[in-house]
Each structure stands twice: as structure tokens, then as C-alpha cells.
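Take a look at the structure set out below.
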Amino acid sequence: MNLPSESHSDSDFDAEAREAAAAVSRDATAFLERCLATQTETVQRYPWREQQVWVKRAVPGRPRWAFWLLGMVASAARLPALEPVYNPGGEQSVRTEARRLRELAARGLRVPPVLAELPGGFLMEDLGRPGVQTYSLAEEMRENAAAHPAQVLELFGQGLEATGRVHAVGTCLSQAFARNMVRCPDGVIGYVDFEDDPLASLPMAQCQLRDILCYLYSSAVYLQETGQLEAGRARWQRWLATRNAAVQGLLAQSAQRMRWVRWLPMDRRWGRDLQRVRAAWALIV
């Protein structure tokens with residue numbers, strides 16, 4: 001006995017889904033074109049289709065001297081992992097960031113989905129929800145420093161775990177600073193800012209070492225300021241023990257080569273960057 005056929009086959013539904021996705025893609029591209037025609041900011045947020053989105057437009061890259069301190073530390077300590085990665089800016093940076101966002105998303109990491117891409121910029125979803133503010137780990141550490149110092153330690157540990165998740169799926173970040181790790185409304189930490197690609201010039205182990213050093217550079221100062229450095233060091237050492245042997249070896253070598261950092265001044269009048277370097281060194285050793 002022949003069963004009555006359904007009014008729509010699976011292939012019909014698939015075709016409808018593909019057409020709907022294509023329509024959204026066309027709408028996103030048209031929206032991106034309109035935004036790029038008038039946008040003056042490098043990155044700007046807009047409402048679109050009942051959600052928040054960001055448009056990042058192509059701009060010239062930052063000069064190499066903008067990374068003078070990390071470059072100085074890298075040269076003095078013979079640490080290629082800390083050498084500033086050249087970012088030419090313009091269309092190439094747009095392509096690089098959009099590509100890296102797609103690659104990281106394909107590995108199951110929380111990054112802003114790319115909705116549309118043009119030579120002059122790209123459109124991506126916001127990691128939050130309309131009306132819900134998202135904060136970076138750096139912002140949360142800074143906000144909790146005075147009243148909740150123990151929370152700073154917890155946040156530091158969450159950043160370590162977030163870095164470890166990236167490495168566990170066989171890749172790396174670009175600028176693994178605490179300001180580029182964002183807490184989503186569901187509590188998951190997402191990652192932003194991928195204008196450069198360290199993998200284009202460094203082996204994977206060096207790229208992952210770079211992630212670790214950048215994260216410590218951006219977060220250890222909060223542990224020091226809240227009296228949590230000793231506790232943070234214990235948490236850091238437990239986390240480090242779970243890393244692969246190649247990265248552990250590179251980090252031990254790096255610590256030896258960075259011994260001169262202990263002679264840098266800690267006084268804030270010499271600049272926040274020097275404080276960050278000293279705090280990271282104190283945590284590592």
C-alpha cells in the first residue's frame with residue numbers, strides 16, 4: 001500500500017532554508033554597504049534585525065613604535081613570541097580578522113559570527129543581547145579590585161581557562177589580552193580582536209606562548225594591586241602543569257631570559273606598561 005506523500009519533501013525544506021539564509025546574507029551585505037558609506041569610527045555598533053551588530057571598517061595599521069615596550073622586552077630577552085606581529089591595516093586586516101573569526105568559530109570557540117564581508121570592512125554579531133551589557137575580563141577585574149579582591153583572583157583563573165580552551169583545540173589567539181576576553185550573557189567567555197595572525201610568522205608553540213605571556217602581562221597587575229599575587233601564582237602553576245611539554249619548556253626558557261625585568265622600576269610614574277611587565281614577571285617566577 002502506498003502511503004500518501006507529504007506536501008513538502010526534505011529537499012523542499014532544505015531549499016527553503018537555503019533561500020532564507022541567502023536572503024539574510026544579501027540583506028547583511030546591503031546593510032554593511034550602507035554603514036561603510038557613512039561610518040567614521042573604526043568599529044561601531046548598530047541595531048539590525050532585532051539584534052546588535054558591529055561594523056568594523058578597514059583603517060591603516062598602527063605603526064610599529066606603538067608596540068615599543070613589548071618589542072623592547074622581546075629583543076632584550078630574545079623572545080620571538082613577543083615580537084609585535086606586523087599589521088598592515090586596510091583591506092588585508094579586514095580579510096585576516098574575518099577569516100580568523102570563521103576559523104575559530106569552526107573549532108567551537110565563542111567568537112562574534114561574521115554576517116557579511118566587503119573589502120572596506122565586515123559585519124559581525126554582538127556577543128551580548130540587546131539591552132544587556134557585556135564586559136571584558138579586564139573591566140571586571142578593574143571594577144572588583146577595590147571591593148572584591150578575591151573575585152579578581154577568580155576572574156584571573158577564568159582567563160587562564162579560556163586561554164587553555166583555545167590551545168586545547170589546536171590554535172591560538174591574536175592579542176590574548178584580558179580586554180579581548182568578553183563574558184557573554186550565558187557566562188561563557190568569548191574572544192575578540194583578530195587583526196593580526198601570529199601563525200603567519202611563528203610556530204604554533206610560540207604562538208601559544210605568546211597568548212600566555214600577553215594574558216599575564218594584561219592581568220597580573222590586578223593580582224598585585226589587590227594582594228592576590230601569591231594566590232594567583234599558585235593557581236597559575238597548577239594551570240601551567242597541564243600545558244604541553246613544548247609550551248612549558250618555552251616558558252621556562254622565557255623566564256630565564258626575562259630575569260633582567262626585576263630591575264625595572266615599579267613606580268607608576270614610569271608608566272602603567274612597566275608595572276604590567278613587572279607584575280607578570282613576579283607571577284611567573
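The values are calculated or read from the model by the stated rules, or taken from the named source; none is laboratory data. All of these numbers come straight from a predicted model, not from anything done at the bench. Please note: Cβ atoms are built from the backbone with ideal geometry, for glycine as well, and neighbour counts cover all protein chains shown.
List of remarks:
- Residue satisfying all of: in region 21-62; among the polar types (S, T, N, Q) and surrounded by fewer than 17 Cβ atoms within 10 Å (Cβ to Cβ); farthest from Leu118 (Cα to Cα) among these: Gln51
- When residues in region 200-239 are screened for being in contact with a helix residue (DSSP H, G or I) (Cβ under 7 Å, 6 or more places away or on another chain) and in a loop (DSSP other than H, G, I, E, B), 4 of them pass.
- For region 97-156, a residue qualifies if it is buried (at least 16 other Cβ atoms within 10 Å of the Cβ) and among the aromatic types (Phe, Trp, Tyr), and the qualifying residues are Phe122, Phe156.
- Test: residue in region 262-274 that is surrounded by 20 or more Cβ atoms within 10 Å (Cβ to Cβ) and under 30 Å from Gly89 (Cβ atoms): no
- Some residue of region 191-199 being touching a residue at least 12 places away in the same chain (Cβ under 8 Å) and in a helix (DSSP H, G or I): yes
- Of the helices (runs of 4 or more DSSP H) contained entirely in region 90-168, those carrying at least 1 residues that are touching an Asp or Glu at 6+ places or on another chain (Cβ under 8 Å), touching a residue at least 12 places away in the same chain (Cβ under 8 Å) and assigned by TED's automatic domain parsing to the domain that holds Leu213 fall at 149-168.
- Considering residues of region 215-241 that are in contact (Cβ under 8 Å) with a residue 40 or more places away in the chain and of a type in the set (A, V, I, L, M, F, W, C) only, the residue farthest from Ser93 (Cα to Cα): Ala231
- Where Phe194 falls short, out of the listed (1) surrounded by 21 or more Cβ atoms within 10 Å (Cβ to Cβ); (2) over 29 Å from Arg57 (Cα atoms): (2)
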